[in-house]
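Heads up, the thing below is written out as C-alpha cells.
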Amino acid sequence: MAFLETRGMLAKLLATENIVVEHDSSARTAAFDTLNRVLKLPVFKTENENVYNMLVGHEVGHALETPTNWRDDLPDNVPPDFVNVIEDVRIEKFIQSKFPGLRVDFTKGYDELNNQDFFAIRDKDLSKFSLIDRINLHFKLGARALIPFTEEELVYVTAIDECDTWQKVLLVAKMLSDYVNEKASSTDLNNEDLSGNSDGNDEENRQEQQSQSSQSSEEGDD
C-alpha cells in the first residue's frame, strides 16, 4: 500500500493541484476524469515502478493539457477514438518535456508492457490492424513493434507527431477520419465496379450466344 500511496503523491506533485487519486483493482489501465479531477490507477500484480510512473505521468498530462469538456470540441463524424489516440501522443510528449525525468519511466514502462504482450500483438499480422490501432501502437511501442504503414499513411503519422496543441489534434483527427472514410468508399466502389463489369460481360456473352444460335437456326431453315 505504501507503494500506491507514493504514486498518488507523485501524481499530485506533477499535476500541481490536489487531484483525487483512486486505486482500483478492477481497472486494467490508468484513467483521468478531466471534469471531476479524479485519477484512477490500476492495481497490478507486479508493482513495476516504471510502469506506474509512466501511467501517472500519462494521466497527469491529460490533467494539465486536455480540456475538461473535450468531447464538446469533437468535429462532426469524427470517432472519439481518433481524438483519444492523437491526444495521447501529444500529452505524452508534453509531460516528458515538462518533466524530463519521466522519459526513462516511459521507455522502460513500455518495454515492460511489451514484454508482457499487454497490447496482444505477439504473432499477429500487424498489417491487418486498423490504421488508428497501428498509429496507437507505433507511438507507444516504436521500434519494438515495427508497425507497417503505406506512404500515404505515413503523411498522417508525421502530422500526428507534429501536433503540439489541442486545436491541431482536432484538425488532424478530422483529416485522418476523412482519409479513412475515403479509402473505405473507394474500396466499396472498386468492388461494385468489379461486380458490375463481370455482370456486364456475362450479359454480352449471353446476347452473343443467342445471336449465334439464332443465325444457326436460320441457316438450317434455308
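Here are some notes:
- For the range 123-146, a residue qualifies if it is under 12 Å from the mean Cα position of the chain (by Cα) and part of a loop (DSSP other than H, G, I, E, B), and the qualifying residues are Phe129, Ser130.
- Here Gly57 passes the criteria (1) open to solvent by 60 Å² or more (accessible area, probe 1.4 Å); (2) at pLDDT 80 or above; (3) not basic (Lys, Arg) except the one numbered (1).
- Boolean, Val104 is open to solvent by 40 Å² or more (accessible area, probe 1.4 Å) and within 28 Å of Tyr52 (Cα to Cα): yes
- Taking the numbered list (1) under 21 Å from Val169 (Cα atoms); (2) surrounded by fewer than 20 Cβ atoms within 10 Å (Cβ to Cβ) in turn, Asn114 passes all entries but (1).
Conditions tested, residue by residue: (1) among the small types (Gly, Ala, Ser); (2) at negative phi; (3) modelled with pLDDT under 95.
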| site | (1), (2), (3) |
| --- | --- |
| Ile95 | no, yes, yes |
| Pro100 | no, yes, yes |
| Leu113 | no, yes, yes |
| Asp123 | no, no, yes |
| Ser130 | yes, yes, no |
| Arg134 | no, yes, no |
| Arg144 | no, yes, yes |
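- Look at (1) at pLDDT below 95; (2) open to solvent by less than 60 Å² (accessible area, probe 1.4 Å); (3) under 16 Å from Leu55 (Cα atoms) and you find that Ile91 fails only one, number (1).
- Selection of first residues in the range 89-117 that are over 17 Å from Ile160 (Cβ atoms) and of second residues that are open to solvent by 60 Å² or more (accessible area, probe 1.4 Å), restricted to Cβ pairs under 6 Å at least 6 apart or on distinct chains, gives the following pairs, ordered by first then second residue: Asn114/Arg144.
- Selection from the range 147-170 of residues that are surrounded by fewer than 17 Cβ atoms within 10 Å (Cβ to Cβ) and assigned to a helix (DSSP H, G or I): Glu151, Glu152, Leu154, Val155, Thr158, Ala159, Asp161, Gln167, Lys168
- Residues of the range 60-88 that are touching a Ser or Thr at 6+ places or on another chain (Cβ under 8 Å), open to solvent by less than 20 Å² (accessible area, probe 1.4 Å) and in contact (Cβ under 8 Å) with a residue 60 or more places away in the chain: Thr66, Val78, Glu87.
- Among residues of the range 140-158 that are aromatic (Phe, Trp, Tyr), none has a Cβ under 7 angstrom from a residue that is open to solvent by 90 Å² or more (accessible area, probe 1.4 Å) at a sequence gap of 6+ or on a separate chain.
- So Glu192, is it at pLDDT below 55, among the acidic types (Asp, Glu) and more than 27 Å from Asp105 (Cβ to Cβ): no
- Residue check for Ile121: open to solvent by less than 40 Å² (accessible area, probe 1.4 Å) and touching a Lys or Arg at 6+ places or on another chain (Cβ under 6 Å): no
- Breaking point among (1) farther than 27 Å from Val21 by Cα; (2) assigned to a helix (DSSP H, G or I); (3) small (Gly, Ala, Ser), for Ser97: (1)
The values are calculated or read from the model by the stated rules, or taken from the named source; none is laboratory data. All of these numbers come straight from a predicted model, not from anything done at the bench. Note that each Cβ is placed from the backbone with ideal geometry, even for glycine, and that neighbours are counted across all protein chains shown. We work out accessible area using only protein heavy atoms, side chains counted, and drop any ligands, DNA or RNA first. Shrake-Rupley method; radii C 1.70, N 1.55, O 1.52, S 1.80 Å.
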